[in-house]
């Protein structure tokens, strides 16, 4: 970063464009539509609900990019944040 | 050795036809034998951008259907005797031609031309499939806008799936003043997102509007865009041409560069 950038660095519309594009292209490239994501989400809820009670409203699932552990660079990954309300008794 | 190049973008209105006209004309200026094919059946417009609309007798569909020979349908350019246009049909639709027929036609033209340049329609349907069927390489035209870049990314994926050997990017209509303000994606931003080889940058230029009004491609003229197209053409032929500076650096900018970067 150059000397002047320290003073002029601010959130501008091209940064916004770049961030939005990066997100939308990850799901485009993974060929994963919002409908598919919804189906994946419902299946995950169904499976996990067998074992524990989860907070369905607080569930967040999205496709994102992550550094590959195998050294393949940046790869798409499914990120899921599933809040648990209570572990089911008897397990 | 002839080369078949498709000029495509996904999104409409980013400058495919203007780019085709200028690259075709520019290659002819370099002494190459060139034929431009308008593959946008039903929405013919390369002829008007080239200023050849009054000379059309036969069209692409006539050639494919065998109503005439390719040589009868090709129109010779006003200025360059080794530049030809094969116009599209205006009153037919995309299904009038198949990818196999396009490939056969293009391969036939390889004998007589150094470059066969296909102006692809917008979209990813039949017209796109026809245009890319016989292509050795692709030039993707995009503008520094989210919709155009998203579509370009999709097109790149489709071209890779079709095993088009070489894909290069042209960034069109960039405005340095807006990039400086942070209100337009820069060349580096676009390359960062699309991750393909850059073959040229064409600045936003009012001279382009004037040139299309007149039906005279401006490649080779003294305008910034005219020079940018010349550079792209030379790179297409394999010459190593450094990227043009889009703006002269003023004294202050030079001083700032000296201080911050040490040169």
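The values are calculated or read from the model by the stated rules, or taken from the named source; none is laboratory data. Since we're looking at a predicted model, the values are computed, not measured. Note that we place each Cβ from the backbone using ideal geometry, even for glycine, and neighbour counts take in every protein chain shown.
Structure notes:
- When residues in segment B:181-203 are screened for being out of contact with any helix residue (DSSP H, G or I) (no Cβ under 8 Å at 6 or more places or on another chain) and away from chain A (no Cβ under 13 Å), 1 of them pass.
- The single condition among (1) modelled with pLDDT under 65; (2) more than 14 Å from chain A (Cβ to nearest Cβ); (3) loosely packed, with under 10 Cβ neighbours inside 10 Å that residue B:263 does not meet is (2).
- Among the residues of segment B:154-173, the one identified as farther than 22 Å from residue B:41 by Cα, within 12 Å of chain A (Cβ to nearest Cβ) and surrounded by 21 or more Cβ atoms within 10 Å (Cβ to Cβ) is B:156.
- Here residue B:105 passes the criteria (1) assigned to a loop (DSSP other than H, G, I, E, B); (2) surrounded by fewer than 24 Cβ atoms within 10 Å (Cβ to Cβ) except the one numbered (1).
- Here residue A:18 qualifies as surrounded by 13 or more Cβ atoms within 10 Å (Cβ to Cβ), within 14 Å of another protein chain (Cβ to nearest Cβ) and free of Cβ contacts under 8 Å to residues at least 12 places away in the same chain.
- When residue B:111 is tested against (1) part of a loop (DSSP other than H, G, I, E, B); (2) under 20 Å from residue B:43 (Cβ atoms), exactly one condition is not met: (2).
- Among the residues listed as A:43, A:28, the single one being within 14 Å of chain B (Cβ to nearest Cβ), at pLDDT 75 or above and part of a helix (DSSP H, G or I): A:28
- Subset tally (residues that are part of a loop (DSSP other than H, G, I, E, B), in contact (Cβ under 8 Å) with a residue 60 or more places away in the chain and touching a helix residue (DSSP H, G or I) at 6+ places or on another chain (Cβ under 8 Å)) for segment B:16-49: 4
- Residue among B:148, B:138 that alone is in contact with a helix residue (DSSP H, G or I) (Cβ under 6 Å, 6 or more places away or on another chain), surrounded by 21 or more Cβ atoms within 10 Å (Cβ to Cβ) and modelled with pLDDT of 95 or more: B:138
- The one condition in (1) within 11 Å of chain A (Cβ to nearest Cβ); (2) more than 20 Å from residue B:208 (Cβ to Cβ) that residue B:178 fails to fulfil: (2)
- Elements of type helices (runs of 4 or more DSSP H) contained in segment B:161-232, each with 1 or more residues being in contact with a strand residue (DSSP E or B) (Cβ under 6 Å, 6 or more places away or on another chain) and at pLDDT 95 or above: B:187-194
- Within segment B:124-153, if we keep just the residues that are part of a helix (DSSP H, G or I) and more than 14 Å from chain A (Cβ to nearest Cβ), the residue that is farthest from the chain's Cα centre (by Cα) turns out to be B:126.
- The test for being within 14 Å of chain A (Cβ to nearest Cβ), part of a loop (DSSP other than H, G, I, E, B) and either touching a helix residue (DSSP H, G or I) at 6+ places or on another chain (Cβ under 7 Å) or in contact (Cβ under 8 Å) with a residue 40 or more places away in the chain (or both) does not hold for residue B:121.
- Conditions (1) more than 12 Å from residue A:85 (Cβ to Cβ); (2) in a strand (DSSP E or B): number failed by residue A:53: (1)
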